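Some notes on the structure that comes next.
The values are calculated or read from the model by the stated rules, or taken from the named source; none is laboratory data. Every value quoted in this text rests on a predicted model; they were computed, and no experiment measured them. Neighbour counts run over all protein chains shown; Cβ positions are idealised from the backbone, glycine included. Quick note on the areas: whole protein, heavy atoms, side chains included, nothing else; ligands and nucleic acids left out. Shrake-Rupley method; radii C 1.70, N 1.55, O 1.52, S 1.80 Å.
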Amino acid sequence: MQSVVPYDERESADQQWMLDWIDAGHPLFRTAKPATPDRHLAVYAALLDEAARTVLLVDHAKAKAWLMPGGHVDPDENPQVTVVRELNEELKIAPPFHARLGSDAFFLTVTETRPPHSHTDATLWFVFSASQQMEIVPDPAEFSACRWFALDDAGAWAGDSDPQMHRFMAKLTSALELAPVG
C-alpha cells in the first residue's frame with residue numbers, strides 16, 4: 001500500500017511537466033547514447049536500510065556525483081522492470097521493493113543533467129528494502145565507490161549529489177514516520 005505523503009510544489013510541477021510531455025506524444029525513451037532525444041525517462045533505486053536510517057549512494061563515474069543507482073528506461077520497458085534490472089546490472093543485487101512504501105514510483109523529478117552531454121531526465125524514484133550488511137558488487141565501470149548515508153545528516157549527502165536529493169530525503173523521512181507498520 002502506497003502511503004499518502006503530500007507532494008511539495010516542485011514535485012507537483014514536475015508531475016505536471018511529465019504528464020504534459022507524455023500527452024504531447026514526445027519520445028519517452030533514450031534511443032542513442034549519450035542523450036538522444038534530449039528528454040527521456042530514467043529511474044533511481046533508493047536502497048533504504050530502515051533500521052539504520054540510511055540510504056546507499058554511489059559515486060557515479062561519469063556524472064562525478066553521489067547518486068542513487070539507476071539508469072535510463074529502455075524503449076517500451078516498464079520502469080519497475082528497469083529499476084530492478086539496473087540494480088542487478090550495477091550492483092548484483094535483487095532487493096524487494098519497500099513493504100510499506102510499495103512498488104510504485106515514490107518520487108519524481110525533472111532535472112537537467114550536467115555537461116558535457118546535458119539533457120533532461122524525467123526520473124521515477126523507487127524505494128527498496130536493503131541492509132548495510134548485504135553483499136553489493138558495484139560495477140567498476142559505473143561507480144568509483146558506494147556508501148551508506150544517514151537520512152538525518154544532510155551535510156553528509158547534500159554536497160555533490162542529485163540537486164533534488166534534499167527533497168527526496170525529506171519526503172522519505174516524512175513517509176517513514178506516516179506509513180503504517182506491518
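Laid out as a table, the results:
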| read-out | value |
| --- | --- |
| Boolean, A45 is touching a residue at least 12 places away in the same chain (Cβ under 8 Å), open to solvent by less than 70 Å² (accessible area, probe 1.4 Å) and in a loop (DSSP other than H, G, I, E, B) | no |
| Boolean, W66 is in contact with a strand residue (DSSP E or B) (Cβ under 6 Å, 6 or more places away or on another chain) and either modelled with pLDDT under 95 or aromatic (F, W, Y) (or both) | yes |
| R53 being buried (at least 17 other Cβ atoms within 10 Å of the Cβ) and either touching an Asp or Glu at 6+ places or on another chain (Cβ under 8 Å) or farther than 18 Å from M165 by Cα (or both) | no |
| Residue in the stretch 84-99 that is in contact (Cβ under 8 Å) with a residue 24 or more places away in the chain, touching a Gly at 6+ places or on another chain (Cβ under 7 Å), within 26 Å of Q132 (Cβ to Cβ) and not basic (K, R) present | yes |
| Scope the stretch 66-84; condition part of a loop (DSSP other than H, G, I, E, B), of a type outside the set (D, E, K, R), open to solvent by less than 50 Å² (accessible area, probe 1.4 Å) and farther than 15 Å from L172 by Cβ; matching residues | P69, V73 |
| Some residue of the stretch 133-153 being modelled with pLDDT under 90, part of a helix (DSSP H, G or I) and not small (G, A, S) | no |
| Flag if L87 is part of a strand (DSSP E or B), modelled with pLDDT of 95 or more and buried (at least 16 other Cβ atoms within 10 Å of the Cβ) | no |
| Flag for L124 being buried (at least 18 other Cβ atoms within 10 Å of the Cβ), in contact (Cβ under 8 Å) with a residue 60 or more places away in the chain, assigned to a strand (DSSP E or B) and touching a Leu at 6+ places or on another chain (Cβ under 9 Å) | yes |
| Answer residue from the stretch 12-36, given it is under 21 Å from H117 (Cα atoms) and either of a type in the set (S, T, Y) or without any contact (Cβ under 8 Å) to a residue 12 or more places away in the chain (or both) and is most open to solvent (accessible area, probe 1.4 Å) among those | K33 |
| Unmet requirement for R114, which otherwise passes all of (1) in a loop (DSSP other than H, G, I, E, B); (2) exposed (fewer than 12 other Cβ atoms within 10 Å of the Cβ) | (2) |
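Yes/no matrix, rows are residues, columns are (1) surrounded by 14 or more Cβ atoms within 10 Å (Cβ to Cβ); (2) within 26 Å of S12 (Cα to Cα):
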{"position": "L101", "(1), (2)": "yes, yes"}
{"position": "F107", "(1), (2)": "yes, yes"}
{"position": "Q132", "(1), (2)": "no, no"}
{"position": "E135", "(1), (2)": "no, no"}
{"position": "W148", "(1), (2)": "yes, no"}
{"position": "D153", "(1), (2)": "no, yes"}
